[in-house]
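S.K.: Here it is: the structure, laid out below.
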Amino acid sequence: MLRPPPLRPGDVVRVVAPGSPYDPEALEAGLSVLRDRLGLVPRARPDLGARAGYLAGDDARRLDEWREAVADREARAIFCARGGYGAMRLLPALDPAPLLAAPKLLVGFSDVTALHALLNRAGLATVHGLVVTQLGRAPADARSEEHTSELQSHSG
């Protein structure tokens, strides 16, 4: 299993919406966690907030956004704005080869699980974790270094 390198403060990360649209306030709170707590540099397309019914834009927009994030040479990870529904509609058009050639972390859950499955089957490790819109809602103690150290000491 190919493991992308760990993230470090100052790393650029892409934020994509491969499924459902998101709550703008929840997204901003999550972006604040990425920037202010983790020291990452989130980057998103201007049309990230697009809507097409229950989707974050039509399939073509979401597919273009995914491909752009994968091709971004500066980005070290792809964070999904939220889950919901719609990511699996992209699967027939997605090629995992570019992420195997230049590995990036994929972070998200819910509908994003379809993307995890595609990439995991191709041999790329991914992170089944909070989507950006939920990062700002996580308890502060769950994001602290002390809590993280405590969890690591109990996981061994």
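Every read-out reported here was derived from the displayed coordinates using simple, explicitly stated rules and does not represent laboratory data. Note that the coordinates shown come from a computational prediction; the quantities given were computed from them, not determined experimentally. Here Cβ is always computed from backbone atoms with ideal geometry, including for glycine, and neighbour counts include all displayed protein chains.
S.K.: Whose amide H sits under 5 Å from the amide H of LEU124, counting only residues 5 or more places off or on another chain, with H placed in the peptide plane?
M.R.: LEU2
S.K.: Related question: Determine the relative contact order of the chain: mean sequence separation of Cα pairs under 8 Å and six or more apart, normalised by residue count, in whole percent.
M.R.: It comes to 31 percent, rounded to a whole number.
S.K.: Here's a follow-up. Under 5 Å between amide hydrogens, which residues at least 5 positions from LEU106 or on another chain qualify, with H placed 1.01 Å from N in the peptide plane?
M.R.: Counting only residues 5 or more places away or on other chains, the set is ILE78, VAL127.
S.K.: Report, in deg cm²/dmol and to the nearest 500, the calculated mean residue ellipticity at 222 nm for the chain, where each DSSP H run with n ≥ 4 adds -39500 (n - 2.57) and the sum is divided by the residue count.
M.R.: After summing the helix terms and dividing by the residues of the chain, the value is -9000 deg cm²/dmol.
S.K.: Same structure again: Compare LEU90, LEU130, LEU106 in a GNM of the chain, Cα atoms joined below 10 Å, and give the one with the largest fluctuation.
M.R.: LEU90
S.K.: Taking θ = phi - 60°, what integer Hz values does the Karplus form 6.51 cos²θ - 1.76 cosθ + 1.60 yield along the range 13-18, in sequence order, with x for Gly and Pro?
M.R.: 10, 8, 10, 10, 10, x
S.K.: In bins 10 Å wide, starting from 0, what share of all Cα pairs of the chain does each bin hold, as a percent?
M.R.: 11, 42, 36, 10, 1
S.K.: As an exercise, use a Förster radius of 35 Å and the Cβ-Cβ distance of ASP36 and ALA97 to find the FRET efficiency, rounded to the nearest 0.05.
M.R.: Once rounded, the FRET efficiency stands at 0.50.
S.K.: Between GLU25 and MET1, what is the label-to-label distance in nm when each label sits 7 Å out along the Cα-to-Cβ direction?
M.R.: 3.8 nm
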